[in-house]
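This report concerns only the one structure given below.
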Amino acid sequence: MRTYRNFIGGEWVTHSSGTTLQTLNPADTREVVAEYALAERPDAAAAVASARAAFPAWAELTPVARGRILSKASQVLETRRSELAELLTREEGKTLAESTAEVQRTVDIFRFFGGLSYTLGGQTIPHDLPRQLLYTTRQPLGVVGLITPWNFPFAIPAWKLAPALVAGNAVVLKPSSLAPALALELARALAEAGLPNGVLNVVVGQGATVGEELTDNPAVAAVSFTGSHAVGHGMYQRLALRLARVQLEMGGKNPTLVLADADLNLAVGLVLRAAFGLTGQACTATSRVIVERPVLEAFTTKLVERTRALRVGNGLHPGVAMGPAVSQAQLVSDLDAVDVAQAEGARLLCGGQRLTEGDFARGHFLQPAVLADVNPSMRIAREEVFGPVLAVIPAGDFEEAISLANGVDTGLAASVVTRDLKKAMLFAEKIEVGVVKINQISTGLALQAPFGGVKQSSTDTFREQGAQAVDFYSRLRTVYLDYSV
Ligand code: NAD
C-alpha cells in the first residue's frame, strides 16, 4: 500500500482533519491501493495561498524557461512508465494496455507543451497610421483551480496542467478521490524536474469541501473542470456569481452510425472498442449505435457474438479486454440502467449481469450489455450510463439516423461507418458534436488537436488540448506604441 500526503508549497504536508481516505483495487477490493490524507477546506485555502505567493515569480519567467521544466517532467515520467501504468490499473481498474497508453499520452502531453513554449507569443497588427506598433501579448491569469474526474486520472490532470503552467499560472489541482494517486505522481515528477515550490499544489478531498473552496475562493481566477453535468452545472452558477473564468467539459451520449453500405466487420470492431473499451467509462464512449435497417439484423448478430466473446477480468491479467467498473456505486448504476431500459421495453440481447463466480466476487465486474428495440424516448437512449451498456437504435435512412443522433441534449463525439464519401462529409457537416470520427472509434483523441463538446456537454467557450488549450489559461493584452513622435 502506498501512502500519500497533500502537496502544498512544495512540501508533502499533513492535513487539518487527521482523517484518511483509502482507495481499493476495483478488481479485488481486498487490496488497499493507497491511503491519503483527506484534505478539508482550510487545506484547500492553504493551497490557494501557496499558489498565490508563487505566482509572480513563475509568471516572470519566459514561456521557454517554463517549457523546459515541462519537457524535463516528461522525461522523468517516461522513466517510470511501467510502474505508473500498473498503479493506474490497480487504482482505476482499466486494463494494463489502456493504462500504458494513458501514461504514454501523459508523457507526450508534457513534451508537446514543453515544445509549444517556443511559440507562445501574441500577434502584430498593422495600424492605420505610420510608425505605430500595435501588438498583443499573452498574460497568465493568476491562480487556476483544476478539478478532475477518475476515469483518466493521469491524462486529464496533465492536459489541463501543462497548458496552465506553460502559460505562467500557478495551480491548485483537485483530483477525484476515487483515483488520486496519479495526480500526486505528476506533482512528484514536476518537483523533480525543478518546478518552483508552490507553483503546483495538489489537494485530495471531497468535492463538497475542497472542490467548493476552489470554486468560491476569490483568489482563484479561473476553474477548469471535467466531470458530470450535475456537478458542473452547480459550479457554473457559483463561478458566474463572482465572474470567474470557467471551462466545463462534461458527459455525452455518443452515437456511432452504421450505414447500410458499411463494412460490417469494420463497424462491429469499431463499435465494440468504442463501447466496451475502458469499460465504457470514457466521456467519448459509444453508448448508442444507430443502424440503418437493411443491415440491422446482420450487424446486431455479429455485434452480440463478439460482445459475448469479450474477456472480462482483472486488468493486470494478460488477455483481458475489459476491466471492472471503478466502484460499487458505478457498478450498481450500470446495472440499474440495464433494468430501467428493460422496464421501458428494451430487449437485452446479452450481458448486463454482475459477475460473481470465483475471483469475480471480489471486484466490481459486469458482463458488457447490448440492448435492442431501443426507441429515442427511453432513458437508455438519452442519459449517459458511463459503463459498458450499449443501445442499438434502428434508423429508416441516413437523414433519420442524423436526426436521431442529434436528438439528445449533449454533443461530445460521434462516429459514422460508411464507404460513401458524400454521406461521410454530410455527417461531418450536420452532426452536433465537438469531435467527429469517420470510420474510426468515437473514443481516442490526438493530443495535438483541440477537444471539447457542444450543447450540454460543455461550456463551449474554450477548447482543451492542442495548441488552443493555452487560450483558456491566458488573456491577451493589447499594446500601442507610437514612434512617429
Ligand atoms: P463528478 O462530477 O462526480 O466529479 C468530478 C470532479 O468534481 C471530482 O474531482 C469531484 O470530487 C468534484 N466535485 C464533486 N462535487 C463537487 C462540487 N460540489 N464542487 C466542486 N467539485 C466537485 O464526475 P466523475 O464521476 O468523477 O466523472 C465522470 C463524469 O466525467 C462523466 O459524466 C463523464 O462523461 C465526465 N467526463 C467528461 C470528459 C470530457 O472531457 N468531456 C472526460 C472524462 C469524463
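A few notes on this one:
- Heavy-atom accessible surface of the range 1-64: percent carbon and sulfur, 1.4 Å: 52 percent
- In Hz, Karplus ³J(HN,Hα) per residue of the range 441-457 (6.51, -1.76, 1.60; θ = phi - 60°; x = Gly, Pro): 5, 6, 7, x, 9, 7, 5, 8, 10, x, 9, x, x, 10, 6, 7, 7
- Nonlocal amide H pairs with Asp373, under 5 Å, H built at 1.01 Å: Arg347
- Cα extents of the range 183-265 along the three principal axes, largest first (Å): 58, 38, 21
- Proximity of backbone amide H atoms, modeled 1.01 Å from N, is registered between Gly205 and Ala39 at under 5 Å, excluding neighbours fewer than 5 places apart on the same chain.
- Computed over protein heavy atoms with a 1.4 Å probe, the accessible surface of the chain works out to 40 Å² per residue.
- The tail of the calculated P(r) for the range 413-453, taken as Cα-Cα distances beyond 14 Å, holds 45 percent of the pairs.
- Relative counts (whole %) of C-alpha pair distances in the range 427-485, using bins that are 10 Å wide: 18, 38, 22, 11, 8, 3, 0
- Beta bridge orientation in the range 249-408: antiparallel %, DSSP, nearest 5: 20 percent
- Net charge over other residues, Cβ less than 12 angstrom from the Cβ of Val304 (K, R count +1; D, E count -1): +2
- Taking amide H as placed 1.01 Å from N in the peptide plane, Leu200 has its amide H under 5 Å from the amide H of Val171, each at least 5 places away in sequence or on another chain.
- Mean projected area (nm²) of the alpha-carbon convex hull when the range 243-288 is viewed from all directions: 4.5 nm²
- Residues Lys422, Lys160 ordered from highest to lowest accessible area at a 1.4 Å probe: Lys422, Lys160.
- Of interest is the spacing of the C-alpha centroids, which for the range 330-354 and the range 376-395 amounts to 10 Å.
- The range 270-396: Rg to Rh, with Rh as the Kirkwood radius over Cα pairs: 0.95
- The aspartates and glutamates whose alpha-carbon is closer than 16 Å to the alpha-carbon of Lys430, local same-chain residues fewer than 8 away aside, are Asp397, Glu399, Glu400, Asp409, Asp420.
- Using θ = phi - 60° in the Karplus curve 6.51 cos²θ - 1.76 cosθ + 1.60, the 3J(HN,Hα) couplings for the range 136-141 round to 10, 10, 9, 10, x, 8 Hz; x is entered for Gly and Pro.
- Span-like helix ranges in the chain, DSSP H, alpha carbon extent 15 angstrom or more, Kyte mean at least 1.6: 264-276
- Once the mean of 1/r is taken over each pair of separate Cα atoms and inverted, the chain shows a Kirkwood hydrodynamic radius of 23.3 Å.
- Against the empirical 2.2 N^0.38 Å (N residues), the range 202-354 has a Cα radius of gyration ratio of 1.33.
- Accessible surface of the range 417-485, 1.4 Å probe, proportion on carbon and sulfur as whole %: 52 percent
- Working from Cα pairs under 8 Å separated by at least six residues, relative contact order for the chain is 18 percent.
- Taking the helices alone, the chain has a mean residue ellipticity at 222 nm of -11500 deg cm²/dmol, built from -39,500 (n - 2.57) per DSSP H run of at least 4 residues and averaged over all its residues.
The values are calculated or read from the model by the stated rules, or taken from the named source; none is laboratory data. Quick caveat: nothing in here was measured; it's all calculated off a predicted structure. Note: ideal-geometry Cβ built from the backbone for every residue, glycine included; neighbour counts use all protein chains shown. When the accessible area is computed, the model is the full protein with side chains, heavy atoms only, and any ligands, DNA or RNA have been set aside. Shrake-Rupley method; radii C 1.70, N 1.55, O 1.52, S 1.80 Å.
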